[in-house]
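Notes follow the structure.
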Amino acid sequence: MIWGANRVHKEESIDGQHLLQQQVDQYAPRIQQFLQQINTIILDKEKQTRLSLCCLFAGGHILFEDFPGLGKTTLSSALARLAGLKFQRIQFTNDMLASDVIGVNMFNQKAHEFEFRNGPVFTQILLADEINRCSPKTQSALLEAMEEGFVTVDGERHVLPKPFWVVATQNPLFQSGTYALPESQLDRFLMRLSLGYPSRAAEKQLLQQGKRHDLIPELAHVFNEQEILELQTLTEQIYTGDAALDYLLNLVEESRKNRHGLSTRGVLALKRAAQAHALIEQRTFVTADDIQAVFVAVTAHRTGLSDDEAKMLMQRVSVS
């Protein structure tokens with residue numbers, strides 16, 4: 001009886017993996033199309049665009065830390081266009097209030113009652129541009145939205161659209177007029193990335209062809225809202241075996257030696273990002289390569305390490 005039950009369970013598991021592989025294969029051509037198209041807009045940044053797509057599939061927010069004018073806004077707009085999602089942009093300034101982000105209750109004189117007016121946070125992809133130029137109080141207005149998917153105004157909860165994805169940018173802290181993001185808010189970002197300067201060849205192409213942002217309206221939608229939600233559900237189903245989990249936990253333990261390391265939220269984020277990377281690689285299971293591909297972007301900002309320091313930490317842990 002036990003042997004028969006185990007056999008049935010094994011057969012169900014095989015059938016489930018086969019179905020999952022079919023779903024992954026079904027989306028694979030369009031995932032590649034997505035990456036090809038966005039790489040025609042953002043030149044010579046294949047790693048960053050791939051990790052950005054990881055964040056979208058994993059349902060995690062992304063923070064770009066860079067100097068102004070390196071293509072962060074263009075990348076966000078292109079991601080929204082290809083994903084078929086609604087897009088809003090907020091330009092943060094030092095005089096911005098929390099109500100400018102989430103909305104405010106306004107008195108309707110005809111109805112003699114207050115009604116809520118949505119702020120720009122009520123969208124599917126929100127570009128929070130130069131987020132560290134506003135005050136910490138306004139920065140914190142996004143915390144509830146990023147973590148819970150709703151905002152609360154005067155005790156009333158307002159649910160945000162799904163999917164909801166924040167793409168934030170911040171300038172280097174040595175620039176004037178910037179405020180450091182608190183650790184609690186940094187932890188809400190699945191990844192921190194930097195586009196950096198383009199290569200000489202890419203910059204020459206930019207000079208020859210003009211603004212990349214002008215090409216975005218010509219892009220066709222690759223996905224739609226429902227398909228993005230399905231891909232996020234599919235990401236959660238990517239199998240993470242014992243060997244992959246043990247390697248992940250070894251990295252986590254190394255990050256905690258003699259210092260403040262990854263939190264439990266960070267551990268879950270690392271697993272989710274690795275699952276998304278496996279999906280993009282057309283696999284139904286996570287490998288050590290997936291964990292290594294996302295490790296620096298997921299962990300560096302959470303542990304206060306530079307990207308190089310996080311990479312050195314990863315290299316100290318062997319793959320068994």
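The values are calculated or read from the model by the stated rules, or taken from the named source; none is laboratory data. Treat the numbers as computed from the prediction; the structure is a model and nothing was measured. Positions of Cβ are generated from backbone atoms using ideal geometry, with glycine treated the same way; all protein chains shown enter the neighbour counts.
Among residues of region 294-314 being of a type in the set (Ser, Thr, Tyr) and in a helix (DSSP H, G or I), the one that is modelled with the lowest pLDDT is Thr303.
Being of a type outside the set (Gly, Ala, Ser), outside the structural domain of Gln185 (by TED's automatic domain parsing) and closer than 23 Å to Phe34 by Cβ is the requirement here; does Thr287 meet it? Yes: the conditions hold for Thr287.
Candidates Leu190, Leu234, Leu248: the one that is modelled with pLDDT of 90 or more, outside any loop (DSSP other than H, G, I, E, B) and in contact with a strand residue (DSSP E or B) (Cβ under 7 Å, 6 or more places away or on another chain) is Leu190.
In region 58-85, of all residues being within 16 Å of Glu225 (Cα to Cα) and touching a Ser or Thr at 6+ places or on another chain (Cβ under 7 Å), the one that is modelled with the highest pLDDT corresponds to Ala58. Inside region 193-231, can you point out the residues that are surrounded by 11 or more Cβ atoms within 10 Å (Cβ to Cβ), in a loop (DSSP other than H, G, I, E, B) and either free of Cβ contacts under 8 Å to residues at least 40 places away in the same chain or under 16 Å from the mean Cα position of the chain (by Cα) (or both)? Result: Ser194, Leu195. State whether one or more residues within region 173-184 are at pLDDT 80 or above and either assigned to a helix (DSSP H, G or I) or of a type in the set (D, E, K, R) (or both). The answer is no; no qualifying residue exists.
Rundown of residues vs (1) farther than 27 Å from Leu20 by Cβ; (2) modelled with pLDDT of 90 or more; (3) touching a strand residue (DSSP E or B) at 6+ places or on another chain (Cβ under 6 Å); (4) not assigned by TED's automatic domain parsing to the domain that holds Leu85, yes/no style:
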{"residue": "Lys204", "(1), (2), (3), (4)": "yes, no, no, no"}
{"residue": "Leu207", "(1), (2), (3), (4)": "yes, no, no, no"}
{"residue": "Leu219", "(1), (2), (3), (4)": "yes, no, no, no"}
{"residue": "Val222", "(1), (2), (3), (4)": "no, yes, no, no"}
{"residue": "Glu230", "(1), (2), (3), (4)": "no, yes, no, no"}
{"residue": "Asp242", "(1), (2), (3), (4)": "no, yes, no, yes"}
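For region 274-293, state whether one or more residues are among the polar types (S, T, N, Q), on the phi < 0 side of the Ramachandran plot, assigned to a loop (DSSP other than H, G, I, E, B) and buried (at least 20 other Cβ atoms within 10 Å of the Cβ). Yes. Every residue in region 53-82 that is in a helix (DSSP H, G or I) and within 16 Å of Gln170 (Cα to Cα), please. Selection gives Lys72, Thr73, Thr74, Leu75, Ser76. Gly261 satisfies every condition listed in (1) touching a residue at least 24 places away in the same chain (Cβ under 8 Å); (2) assigned to a helix (DSSP H, G or I) except (2).
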